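Just below is one structure, and these are the notes that go with it.
Just so it is clear, none of the values below were taken in a lab; they were calculated from the coordinates. Because the structure is predicted, anything quoted here is derived from the model rather than measured. Here the Cβ is made from the backbone with ideal geometry for all residues, glycine too, and neighbour counts use every protein chain on show.
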Amino acid sequence: MQKKNVTRNDPCDILNDIRIFIEPNWKMARSSAERVADYRARKKAEGMASLTLVVPAADVALFNQFAAQRREKMREGQHPSEAPRQQWLSMLAAMTPALPSPAAPRRKCNALGAPITRAQTLFVSLLKHIIQLGWPEGLPLGSEQDLIKIHGASRAAMRGAIRLLEHHSIVRVQRGTGGSVIVARPDLSATMQAVSVYLEYAGIASRDILATRRALELAVLDLVIERLDREGEQRLRDQIQTEAQLDGRAGADEFLRFHFLLAELCGDPALRLFDGIVLQLADAHSTFHRQSRPERDRVVARIKEYHRKIACAVIARDRDQARGRMAEYIAGIKTWLE
């Protein structure tokens, strides 16, 4: 069969043939702008947003590190939208190098006249930084080397500062490759024990313990009555019910739980700490465990009755009654201390 040549002189026919040939290929070869728009549309449907930032070149690594930590949290099942906003702000602040404080005369001695070392100065600086971040427990502050660069410190001084932070349960150190100094939660009981040991060393007397305890316990009562809620009322009732089962075989510490509970319910961290210290000292100086069984049974019965009346007065918001009972109780335990 012989192919017949067709000649087209009409410009419209020629343009139509060109369009038929080019249009399928044009649809397949999209521009970069179209591909970016399509990518953004898909990400928007996944709950993401497009953001363009213009930042100093020196901050690029900081933003990349922050993004990497967020992605890590997402892999752990902690989606950024479900995390408190302050947590992410704290993380960003922790990665930001601390600016050097304005030059100030360096103190050579503390208030007690003891010399201040470079490690102690760094300890205070790092502690203030953690407080400014809102004490984000579990947040990495960086490696030892990172902190040395940020603070311009020697390795020996920084290690001394970190040891002090660890000793006070302010941070914990993750050892090994890629290790970091991580913000921790201070141990309240360890703090109370440390202060109690110092007061014993200083020779605190029983009369001092009683006088301080009276002032603190009455201050605690005032705040408990002011701030007590229904949950607190129930905790007091539960404690009184638990004590009802005790007799002379119980230890003195079991009856101190009532007072530790009051200190917790007052909602004042400082009062809770100081009252806890005095309660520990009172327990250490108590002669309760050396009494005869009949005497301990008699004392336990009186303690339970006082605790019950104090709890009832607190729940009834009767400040005068609660304070009166507490003052009588503390005056009565004078004979149990040495």
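In table form, for the structure just shown:
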quantity: Sequence ranges 137-146, 196-205, ranked by mean other-Cβ count within 10 angstrom, highest first; calculated: 137-146, 196-205
quantity: Radius of gyration, Dmax [region 189-336; alpha carbons; angstrom]; calculated: 14.8, 42
quantity: Order of Leu256, Leu279 under a 10 Å beta carbon neighbour criterion, fewest first; calculated: Leu256, Leu279
quantity: Cα pair count fraction exceeding 15 Å, expressed as % - region 209-255; calculated: 62
quantity: Equivalent ellipsoid, region 118-186 (semi-axes from 5 times Cα gyration tensor eigenvalues, Å); calculated: 16, 14, 11
quantity: Residue-wise HN-Hα coupling along region 321-328, computed from phi with Karplus coefficients 6.51, -1.76, 1.60 (Hz; x: Gly, Pro); calculated: 5, 5, 5, x, 5, 5, 5, 4
quantity: Long-range amide H partners of Leu337 with built H, under 5 Å; calculated: Thr287
quantity: Highest average packing first - 284-291, 33-40, Cβ atoms within 10 Å; calculated: 284-291, 33-40
quantity: Likely footprinting exposure, Leu147, Leu164, fewest C-beta neighbours within 10 Å first; calculated: Leu164, Leu147
